[in-house]
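Read through the structure below, which is laid out as structure tokens, and then see the notes.
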Amino acid sequence: MSRRFAHYAIAAIALVTLTLFASAAGAQDLDAPEQSEQREPPYEGQLLRLSEILGAVHYLRRLCESEEGSLWRDEMLGILDAESPSAVRRARIVDRFNRGFDSFRSVYRTCTPAAITAIDRYMDEGARIARDITARYGR
């Protein structure tokens, strides 16, 4: 199991890192600084979902005794740094991360086969979202 987790972790980290570059590139394409505060990027829905996934994975991986520490939270902070969102948008992104974290914290107290399945599915979905954002909005 841990070998599979390591594989997923490496793939997800690489794809989330690519998302950082795609997000930064997408934010730079907006016409004026004022508009970047008002207009959401076209990948906003995907970014919110990715934030929720990162929160869930952050909780579940720690629950299942991975040795990643705050890796997934740090990835979320990296995305926030790359996006440089307005206060309102930042709060919305952070809320989605926290929602993902809290949704599993309210259900799982120990690592179970269902928790491991959730990790696998969320890693796959997060990687898919990261690939899509990178392919569509990256440079």
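Overview of values
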| read-out | value |
| --- | --- |
| Identity of the residue in segment 111-139, in a loop (DSSP other than H, G, I, E, B) and modelled with pLDDT under 95, that ends up farthest from LEU47 (Cα to Cα) | ARG139 |
| Any helices (runs of 4 or more DSSP H) falling wholly within segment 9-96 and containing at least 2 residues that are out of contact with any Cys (no Cβ under 8 Å at 6 or more places or on another chain), of a type in the set (Asp, Glu) and at pLDDT 50 or above | 44-63, 71-83 |
| Qualifying residues in segment 63-94 (those that are polar (S, T, N, Q) and surrounded by fewer than 18 Cβ atoms within 10 Å (Cβ to Cβ)) - the one farthest from GLU40 (Cα to Cα) | SER70 |
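The values are calculated or read from the model by the stated rules, or taken from the named source; none is laboratory data. Since the model is a prediction, treat every value here as computed from it, not as a measurement. Every residue, glycine among them, receives a Cβ derived from its backbone with ideal geometry; neighbour counts consider all protein chains shown.
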